[in-house]
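Data first, discussion second: the structure below is written as structure tokens.
The values are calculated or read from the model by the stated rules, or taken from the named source; none is laboratory data. All figures in this text were calculated on a predicted structure; none of them were measured in a lab. For neighbour counting, all protein chains shown are included, and Cβ atoms are generated from backbone atoms with ideal geometry for every residue, glycine included. Only protein heavy atoms, including side chains, enter the accessible area calculation; ligands, DNA and RNA are left aside. Shrake-Rupley method; radii C 1.70, N 1.55, O 1.52, S 1.80 Å.
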2 protein chains.
Amino acid sequence: MKEKVISIGTVRDLTGLTERQIRYYEEKKLVFPTRTAGGARKFSFDDVELLKLIHSKLKDGFHTFELRQQPEKWLHPYEEGSLSR
Amino acid sequence: MKEKVISIGTVRDLTGLTERQIRYYEEKKLVFPTRTAGGARKFSFDDVELLKLIHSKLKDGFHTFELRQQPEKWLHPYEEGSLSR
DNA sequence: CGTGTAAGGAATTCTGACACG
DNA sequence: CGTGTAAGGAATTCTGACACG
């Protein structure tokens, strides 16, 4: 599920996050969408799951810089390998 | 892989087909993308594989109406169930 | 810090039509 | 029949900024 094919509007619908939040998490180096020739972001299904996880961690009180520094510490896939990179 | 999340431009890149061809195959009832609120088509990875198969069949001399009438006759997934509906 | 919003522009997609054959 | 193209419009996405706190 690593193919970057989903545009931000669909990611918004899939995650329930706002485009603002999605772009902010990218700005903070937490997700790495690719870009189309025109500059539009393309995310993978793994990115979608990761975005949900990021948001839940922020709700738990973590800060973006903490999540960026030690992804191994908090990135624990629901299913083994489902979010492997 | 049935989630309809890929826009036509990405499908074009993934299949090598033109948007014209993709829209035509939909018009002929060979693929069934969903639509966003704004009317934009959204395809699944299964649709992407199906579109490639449709195009190869057309290259083999088949016509769209033949493919539509008896999908069981020519729809033989590369891997069991990969294109099941 | 994380998120909302209004602003203006650029890229994307849509439909219906004319064309060829 | 299957596909190309130009046309005009509508929806989508982008960036940088101001705001709050």
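Brief remarks follow.
- Accessible area that becomes buried as B packs against A, both chains, 1.4 Å probe, Å², nearest 100: 700
- Largest accessible area first, the listed residues B:Ser7, A:Ser44 line up as B:Ser7, A:Ser44 when surface is computed with a 1.4 Å probe on the assembled protein chains.
- Listing of segment B:7-29 residues, each with accessible area lower by at least 30 Å² in the full protein assembly than in the chain alone (probe 1.4 Å): B:Thr10
- Shape analysis of segment B:16-61 based on the Cα gyration tensor places the equivalent ellipsoid semi-axes at 20, 11, 9 Å, largest first.
- Nearest-10 value in Å² for the accessible area of B:Asp13, using the 1.4 Å probe: 110
- Projecting 7 Å from Cα along the Cα-to-Cβ direction, the label point of A:Lys52 sits 2.8 nm from its equivalents in the other copies, listed shortest first.
- Sparsely packed loop sites in segment A:1-34 (the trypsin sites (Lys or Arg not before Pro) outside DSSP H, G, I, E and B with at most 15 other Cβ atoms within 10 Å) comprise A:Lys2, A:Lys28, A:Lys29.
- Distance in nm between pseudo-label sites at A:Glu3 and A:Thr18 (7 Å out along the Cβ direction from Cα): 3.2
- Mean separation of Cα contacts under 8 Å, 6 or more apart, over the residue count of segment B:8-74: relative contact order %: 30
- Peptide A:32-43 has a mean shielding of 1, counted as Cβ atoms of other protein chains within 10 Å of each residue's Cβ.
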